[in-house]
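The values are calculated or read from the model by the stated rules, or taken from the named source; none is laboratory data. Worth saying up front: this structure is predicted, and the values here are computed from it rather than measured. Backbone-built Cβ (ideal geometry, glycine too); neighbour counts: all protein chains shown.
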Amino acid sequence: MLKLLHCGDFHLDSPFSSLDPAHAEERRRGLLAVFCRTMRLAADEKCDAVLIAGDLFDCSYISPDTVSAMCEAMGGTGCPVIISPGNHDPYTEGSVWAARRAAFPENVHVFRTEKPEAFDIPDAALTVWGYAFTSDRYDGSPLAGLGSLARPGRTSVLCAHADIVLPLSKYAPIAPRELADSGLAYAALGHIHNTPAPAVFGFTTAAYCGFPEGRGFDEQGFGSVLIVTLDDGRVTDMRRVRVGMHRYLTVRADASGARNDSEAAEAVRRAAAVGEPAATSLRVTLCGDVDAGYIPDTAAILSAAGGCGLYSLSVYDDTMPLAGCAALADDMTVRGELYRTLLPMMRNGSDDERRTAADALRIGLRALDGRSFLDGGGLN
């Protein structure tokens, strides 16, 4: 039986350029802490190998402190650590892989060429195939024309930064038929952060490790890695284990009937009652039909809601000014005509069309009442 820890896409030393310098540095340290936690997990699980499927780094410049901590963590796994550089951290002469090669522990192997190569782990009767991006793109399939990669008496797996979803991808597109012909027991893949379900091609099980630590609202929830068990050349178990320490979360909050920012803030507070708030960056989108005369001010709502114990909180408005507007359907004045004209777009339009129509109705009704749209709120 073999046990592998499959991970990747850590993007260490990401800039977090949307954050202020202090929070950006805090999040960078968090990424490194998650990597170290992952290496400890490999030791705790007594894994036979760690497979890092690319984009360990976010870019070519990595701080010396990050390299030092990373090397110490990999050296403590008690097993080989196999790395296939990806499009964010390609193997080039000026890369960390080449310049700091001597600093890596003896148990670390980094693939260096675009041509797939085999790395044998004799004690485990395991062969790991892999390759490296040598620039920020890899045109064509790395497995094209290779056929079977299986070796008699050994379990053969692939560690790769690749795209098996888009056939015309510029990031090492591998076709399902190539995986089926490979004879590999397992394809440990990186690159796609929001993971499709594991799939089987012929005898080959292929899976993406996903993101270990989210870096934005396009990566929701706590990050994880895979613990994969193989027996007799087949995958027999696959466990997703949380390693993430910070999460991004998006929720919708029903503010139906709200007449002012204080009432909308109460909807935000209800939505913000999530577990592990200090480890959560939360984006709340207000929805529902609010009073037609009310223009939500997200800055004022956020202030009224307070921090709710969260790492960060942001508020967006997707409400419609339709509460109490039923009478306008039969109103023969300009107010009714404005309402009837804009209602189909508010109910059935695209997101941008709905927002534009909602703003137009709010401004129009206020103007017809002789009020400025800045009275008691603002468009945002």
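On the given criteria, is Phe104 buried (at least 18 other Cβ atoms within 10 Å of the Cβ) and within 27 Å of the chain's Cα centre (by Cα)?
No: the conditions fail for Phe104.
From the list Ala255, Ala264, Ala300, which one is surrounded by fewer than 21 Cβ atoms within 10 Å (Cβ to Cβ), modelled with pLDDT of 95 or more, touching a helix residue (DSSP H, G or I) at 6+ places or on another chain (Cβ under 8 Å) and among the hydrophobic types (A, V, I, L, M, F, W, C)?
Answer to the check: Ala300.
Select from the range 173-187 the residues that are assigned to a strand (DSSP E or B) and without any contact (Cβ under 8 Å) to a residue 60 or more places away in the chain and list them in ascending order. Before you say what the answer is, go through the steps one by one.
Initially, the range 173-187 is screened for residues assigned to a strand (DSSP E or B), giving 173, 186-187.
Correct list: Pro173, Ala187.
Any idea which residue in the range 108-123 is surrounded by the most Cβ atoms within 10 Å (Cβ to Cβ), counting only those that are under 21 Å from Ala73 (Cβ atoms) and more than 29 Å from the chain's Cα centre (by Cα)?
Once the filter is applied, the top-ranked residue is Ile121.
Check whether at least one residue in the range 201-223 is of a type in the set (A, V, I, L, M), assigned by TED's automatic domain parsing to the domain that holds Val34 and modelled with pLDDT of 95 or more, and report yes or no.
Among the residues of the range 201-223, at least one is of a type in the set (A, V, I, L, M), assigned by TED's automatic domain parsing to the domain that holds Val34 and modelled with pLDDT of 95 or more, which makes the answer yes.
When you scan the range 216-267, how many residues do you find that are part of a loop (DSSP other than H, G, I, E, B) and of a type in the set (Lys, Arg)?
Here the count works out to 1.
List pairs: first in the range 104-116 and under 16 Å from Asp89 (Cα atoms) and at pLDDT 95 or above, second in a strand (DSSP E or B) and of a type in the set (Asp, Glu), Cβ under 9 Å, 6+ apart or cross-chain?
Phe111/Glu117
Specify which of the listed residues (Gly210, Gly223, Gly216) is more than 23 Å from Thr155 (Cα to Cα) and surrounded by fewer than 14 Cβ atoms within 10 Å (Cβ to Cβ).
Criteria check complete, one pass: Gly216.
Among the residues of the range 188-215, which ones are part of a loop (DSSP other than H, G, I, E, B), touching a residue at least 24 places away in the same chain (Cβ under 8 Å) and either farther than 22 Å from Lys170 by Cβ or aliphatic (A, V, I, L, M) (or both)?
Step one: filter the range 188-215 for residues part of a loop (DSSP other than H, G, I, E, B), giving 191-198, 202-203, 209-215.
After this cut, where a residue has to be touching a residue at least 24 places away in the same chain (Cβ under 8 Å) as well, the list is 191-194, 196, 198, 203, 209-215.
Correct list: Ile192, Pro198, Phe203, Pro212, Glu213, Gly214.
Can you name the number of the only condition in (1) crowded, with 18+ Cβ neighbours inside 10 Å; (2) of a type in the set (A, V, I, L, M); (3) under 22 Å from the mean Cα position of the chain (by Cα); (4) at negative phi that Ala172 fails?
Ala172 satisfies all of (1) crowded, with 18+ Cβ neighbours inside 10 Å; (2) of a type in the set (A, V, I, L, M); (3) under 22 Å from the mean Cα position of the chain (by Cα); (4) at negative phi except (4).
Which residue pairs have Cβ atoms closer than 9 Å, lie 6 or more positions apart in sequence or on different chains, and pair a first residue in the range 71-97 that is outside the structural domain of Asp9 (by TED's automatic domain parsing) and surrounded by 24 or more Cβ atoms within 10 Å (Cβ to Cβ) with a second residue that is of a type outside the set (Asp, Glu) and modelled with pLDDT under 95?
Pairs found: none.
Out of (1) over 19 Å from Phe119 (Cβ atoms); (2) in contact (Cβ under 8 Å) with a residue 12 or more places away in the chain; (3) of a type in the set (Ser, Thr, Tyr), the odd one out for Ser169 is which?
(2)
For Leu249, all conditions in the list (1) of a type outside the set (Ser, Thr, Tyr); (2) surrounded by fewer than 16 Cβ atoms within 10 Å (Cβ to Cβ); (3) touching a strand residue (DSSP E or B) at 6+ places or on another chain (Cβ under 7 Å) hold save one; what is the number of the exception?
With (1) of a type outside the set (Ser, Thr, Tyr); (2) surrounded by fewer than 16 Cβ atoms within 10 Å (Cβ to Cβ); (3) touching a strand residue (DSSP E or B) at 6+ places or on another chain (Cβ under 7 Å) applied to Leu249, the lone miss is (2).
Give me a count of the residues in the range 62-115 that are part of a helix (DSSP H, G or I) and of a type in the set (Ser, Thr, Tyr).
Qualifying residue count, the range 62-115: 2.
Return a yes/no flag: does the range 116-137 have any residue that is touching a His at 6+ places or on another chain (Cβ under 7 Å), assigned by TED's automatic domain parsing to the domain that holds Gly54 and part of a loop (DSSP other than H, G, I, E, B).
Looking for residues that are touching a His at 6+ places or on another chain (Cβ under 7 Å), assigned by TED's automatic domain parsing to the domain that holds Gly54 and part of a loop (DSSP other than H, G, I, E, B), one finds at least one in the range 116-137, hence yes.
Out of the range 8-43, which residues are small (Gly, Ala, Ser) and part of a loop (DSSP other than H, G, I, E, B)?
Passing the criteria: Gly8, Ser14, Ser17, Ser18.
Looking at Ala278, Ala300, which one is farther than 18 Å from Ala255 by Cα and outside any strand (DSSP E or B)?
Of the residues listed, the single one that is farther than 18 Å from Ala255 by Cα and outside any strand (DSSP E or B) is Ala278.
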